[in-house]
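Mind looking over this structure? Questions follow.
All of the numbers you see were taken from the coordinates with simple rules; none came from a lab. These figures come from a predicted structure and were not determined experimentally. Neighbour counts run over all protein chains shown; Cβ positions are idealised from the backbone, glycine included.
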Protein chains: 4
Amino acid sequence: MTADPETRLRADARRNRDQILAAARVIFAAQGAEVPMEEIARSAGVGVGTLYRRFPDRDALIRAVAVDNFDRVLRDAKAAKDEESSDWDALIRLLHQSMELQLSIQLAMVSPRALAILTSDPAIKALRDELLEVMDSFVQGAQAEGRLRPDVATGDVAILFAIVLRQMPGKSAEVARMATRRCIGIMIDGLRAADSNEPLPGQALTGADLDP
Amino acid sequence: MTADPETRLRADARRNRDQILAAARVIFAAQGAEVPMEEIARSAGVGVGTLYRRFPDRDALIRAVAVDNFDRVLRDAKAAKDEESSDWDALIRLLHQSMELQLSIQLAMVSPRALAILTSDPAIKALRDELLEVMDSFVQGAQAEGRLRPDVATGDVAILFAIVLRQMPGKSAEVARMATRRCIGIMIDGLRAADSNEPLPGQALTGADLDP
Amino acid sequence: MTADPETRLRADARRNRDQILAAARVIFAAQGAEVPMEEIARSAGVGVGTLYRRFPDRDALIRAVAVDNFDRVLRDAKAAKDEESSDWDALIRLLHQSMELQLSIQLAMVSPRALAILTSDPAIKALRDELLEVMDSFVQGAQAEGRLRPDVATGDVAILFAIVLRQMPGKSAEVARMATRRCIGIMIDGLRAADSNEPLPGQALTGADLDP
Amino acid sequence: MTADPETRLRADARRNRDQILAAARVIFAAQGAEVPMEEIARSAGVGVGTLYRRFPDRDALIRAVAVDNFDRVLRDAKAAKDEESSDWDALIRLLHQSMELQLSIQLAMVSPRALAILTSDPAIKALRDELLEVMDSFVQGAQAEGRLRPDVATGDVAILFAIVLRQMPGKSAEVARMATRRCIGIMIDGLRAADSNEPLPGQALTGADLDP
DNA sequence: TATGAATGAGAGTTCATTCAT
DNA sequence: CATGAATGAACTCTCATTCAT
């Protein structure tokens with residue numbers, strides 16, 4: 001009955017792994033996934049050798065960061081489901097809360113390289129699919145509640161998430177945060193069910209439309 | 001009697017310059033600004049040396065592509081101003097039409113490096129400022145027409161543009177185009193003046209808020 | 001308890017550093033300071049990467065070689081001071097002995113580039129100034145002894161050193177060595193105090209005259 | 001009876017050739033023989049193409065500059081022979097006068113590359129040999145006159161010339177000129193016949209010793 | 001096991017030389 | 001014939017990854 005490999009790490013090794021992951025998360029979010037490995041190691045307070053012992057190459061590190069990140073968002077989503085009284089409110093809360101998402105997005109959308117890595121990893125695909133399922137329940141529920149416009153599907157909402165949450169480099173953290181909040185507000189108004197809306201072009205995008 | 005240096009190039013040099021610019025535009029848009037110079041040269045059908053003769057280094061090439069691009073968008077914006085019967089319509093048209101913008105956005109927002117280059121170039125700043133002025137007239141006009149919600153300013157709209165138009169790597173061109181159009185539709189609905197809107201948080205963002 | 005960074009290198013790194021310095025010394029002396037870095041690395045038995053890890057760029061390597069070299073000459077000069085019974089003899093010995101000087105000279109006088117690097121480095125300037133001081137004491141002493149002609153100063157002597165010791169490329173080592181020894185002999189005769197000498201033109205050159 | 005190819009050049013071509021040669025002489029003397037061809041062309045006021053039409057490659061240009069230069073020195077030497085009343089005086093005059101030599105020296109001694117080119121060109125070898133013959137007559141005559149020390153031969157004197165006349169980069173033209181004159185003075189004193197001289201080591205170096 | 005040194009492939013850039021205008 | 005554009009090999013430097021200490 002051996003446990004998950006990560007579980008068996010010695011305490012210090014464990015600590016190293018966590019520090020590396022935390023450092024990589026911060027650096028990836030701020031500068032993208034192409035930073036020198038040495039910089040990540042330094043910022044984690046370990047040598048490159050240690051980094052490579054834990055993550056055999058850059059891809060593995062990117063994957064680990066992504067898994068960690070999707071995990072957090074998924075936990076957020078489930079909490080929203082449990083704690084909010086309507087699906088519309090859960091959706092809105094997730095949207096407002098998930099700054100975590102920014103990193104997934106940054107990773108997934110900024111470099112074709114990172115994207116290729118992520119979409120080819122089954123563990124990540126599983127997490128993403130699970131997240132899409134939760135969102136799907138939000139979307140359908142909110143439409144049933146009459147609060148989400150009926151001509152969108154989960155894919156539309158996910159893309160809007162992704163788009164709005166992408167990092168805005170070069171703005172001060174202050175401005176970026178406020179701008180993001182305002183954009184989310186506008187987006188939510190655009191998603192709200194309303195008679196005046198002209199129908200959107202094309203077909204509603206489902207979760208499946210987001211694949212490769 | 002213009003003496004623009006570009007004008008004085010020999011016919012073949014001119015052709016090469018244009019091909020390089022076109023190739024760089026396509027490649028930057030698809031893969032970001034960090035692609036090997038050799039790849040750009042090859043795709044333009046010239047040797048690296050030629051590329052470097054026209055653009056002394058990568059920064060110069062990025063700048064040239066950006067200038068070219070802002071130029072096009074600015075022309076679009078002016079055409080919209082002249083040909084549409086209301087400012088709201090002009091704004092909508094610019095938004096729908098300016099796929100060109102995608103490249104500016106890609107360049108400006110994807111890599112911190114490209115951003116630094118662009119914001120430090122006065123010619124580009126001038127073009128950007130001019131574009132913001134045109135958009136400002138659209139925004140104020142559309143608000144006067146009662147069709148654009150009053151709690152946004154030009155900065156908000158520009159950021160939404162930027163955000164929505166960023167390339168979505170990894171999706172097929174087909175899906176990406178449709179998704180973008182749908183997102184724009186939702187965004188426009190969110191921008192439309194409506195009684196039901198809750199007020200947005202913070203202050204309306206002006207063009208000036210977009211600076212460094 | 002010195003903490004000189006060089007002292008803290010791991011044994012193998014230390015060895016490599018020394019080999020690189022030795023190889024560079026030989027190659028710079030033979031071919032000037034513009035040789036491909038790869039050639040230096042190969043001749044030191046390491047990869048380019050190693051060379052660049054120790055010396056961040058060519059300039060740093062040139063500087064390190066120059067410091068090393070001035071150090072040796074300075075040691076020679078001090079030994080001459082301590083061990084010879086007169087200043088004239090010390091001067092003559094230094095002149096005969098300091099084949100080391102050839103490299104400094106080669107570096108300092110052959111390429112404008114190397115010259116610029118060296119004159120802008122304070123550590124090197126300090127060593128050079130210290131060497132000039134020792135030579136100055138030789139010169140003044142030997143003049144007091146009545147054995148060095150009175151119408152020269154340290155700058156004259158230093159320039160003669162520099163000039164005579166410059167490498168003669170293309171001659172066999174054998175011929176070059178002999179030719180240098182003969183030139184030094186002639187030069188010494190020219191420096192010897194003698195009634196028959198016509199006065200030299202201009203003012204005696206001091207060490208200060210050698211600055212930029 | 002076609003003339004020397006150079007003679008048949010059209011007037012403008014002739015002018016270009018001369019300008020290139022003059023520019024190259026100046027630049028080689030100041031910066032060595034490794035300067036970009038484009039810089040030479042620019043400074044001559046022609047395009048690179050023109051430079052290459054006249055001189056098929058860099059080696060040819062170096063050779064042409066060297067031939068031109070040896071020519072001048074040889075003319076100087078012959079004038080000295082004709083106009084001075086003793087061989088010693090002719091030798092001294094040549095030494096003082098031949099700043100021209102600086103360029104030959106610069107070319108011949110600074111870069112192994114230039115040296116290789118020069119020693120392999122028969123036209124240059126011929127000129128050099130002719131120059132050595134004239135100097136040889138000076139040396140033997142001056143020794144017969146009892147004014148030049150008997151333990152040197154033409155090779156020694158030529159090497160001293162070469163050594164002393166090499167450019168001193170980094171000094172102001174003012175200082176460099178004065179320093180050179182003073183060094184020549186010391187050297188001449190060292191060459192003067194005198195009882196006090198200790199014999200030089202080794203054998204007197206003849207012109208033949210200067211080969212490869 | 002952790003560290004940081006060594007390696008070498010590859011990217012950016014320069015420049016000698018050729019060739020179209 | 002003059003010009004300056006185009007080419008590509010060579011060089012400098014960086015960084016992912018491996019390996020000795």
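How many angstrom lie between the C-alpha centres of the stretch D:112-138 and the stretch C:194-212?
If we compute the Cα centre of each part, the gap is 33 Å.
Find, among the residues of chain A, the one whose Cβ sits nearest the axis of the rotation taking A to D; state the distance in whole Å.
A:Pro36, 17
Which whole-number percent is the relative contact order of the stretch D:9-56 (Cα, under 8 Å, 6+ apart)?
38 percent
A further question follows. Measuring nothing but label to label, 7 Å from Cα along Cα→Cβ, what are B:Ser85's distances to the other copies in nm, shortest first?
4.7, 11.2, 11.7
Counting alpha carbon pairs within less than 8 Å and at least 6 residues apart, what relative contact order, in whole percent, applies to chain D?
Working: 212 pairs, mean separation 42.1, N = 212.
Worked out over chain D, it gives 20 percent.
A further question follows. Using a cut-off of 18 Å between alpha-carbon atoms, which aspartates and glutamates can reach D:Lys81, once sequence neighbours fewer than 8 places away in the same chain are excluded?
D:Asp71, D:Asp89, D:Glu100, D:Asp129, D:Glu130, D:Glu133, D:Asp136, D:Glu145
Moving on to the next point. Once R0 is set to 51 Å, what does the formula 1/(1 + (r/R0)^6) return for the Cβ-Cβ distance between D:Asp18 and C:Met99, expressed as a FRET efficiency to the nearest 0.05? Could the numbers behind the result be given before it?
On the way: r = 43 Å, r/R0 = 0.85.
Working from the Cβ atoms, E equals 0.75.
I've got another one for you. Place +1 on the Cβ of every Lys and Arg and -1 on the Cβ of every Asp and Glu in the stretch D:26-130, take the dipole about the Cα centre, and give the residue among D:Ala44, D:Gln97, D:Ala77 whose Cα lies farthest towards its positive end.
After comparing all options, I get D:Ala44.
If each DSSP helix of 4+ residues adds -39,500 (n - 2.57) and the sum is divided by the residues in the protein assembly as shown, what number results at 222 nm, nearest 500 deg cm²/dmol?
Numbers: 40 runs with 581 residues, N = 848.
Mean residue ellipticity at 222 nm (helix-derived): -22500 deg cm²/dmol.
Another question, then. What do you get for GluC sites (Glu not before Pro) in the stretch C:112-181 restricted to DSSP loop and a cutoff of at most 10 other Cβ within 10 Å of the site's Cβ?
Working: sites: C:Glu130, C:Glu133, C:Glu145, C:Glu174; in loops: C:Glu145.
Of the GluC sites (Glu not before Pro), not one in the loops of the stretch C:112-181 has a Cβ with at most 10 other Cβ atoms within 10 Å.
Something else now. Determine the dipole magnitude for the protein assembly as shown: charges of +1 sit on the beta-carbon of Lys and Arg, -1 on that of Asp and Glu, nothing else is charged, the reference point is the Cα centre, and the result goes in debye to the nearest 20.
1100 debye
Using amide H atoms built 1.01 Å from N in the peptide plane, name the residues 5+ places from B:Leu148, or on other chains, whose amide H lies under 5 Å from its own.
Residues meeting the criterion, in which the H sits 1.01 Å from N, are B:Gln143, B:Ala193.
Shifting gears a bit: Anyone know which of D:Ser137, D:Ser85, D:Ser98 comes out most mobile in the 10 Å Cα GNM of chain D?
Result: D:Ser85 has the largest fluctuation of those listed.
Run the quick spin-label model on C:Ala30 and D:Ala173: label points 7 Å from Cα toward the beta carbon, then report their separation in nm to one decimal.
The answer from the label model is 3.8 nm.
To the nearest 10 degrees, how steeply does helix B:101-110 sit against the main Cα axis of chain B, on a 0 to 90 scale?
80 degrees
Report the calculated FRET efficiency for B:Met37 and B:Glu133 (r = Cβ-Cβ distance, R0 = 35 Å), to the nearest 0.05.
0.50
Next question. Need one number: the % of Cα-Cα pairs in the protein assembly as shown sitting beyond the 39 Å mark.
When all Cα pairs of the protein assembly as shown are counted, 59 percent exceed 39 Å.
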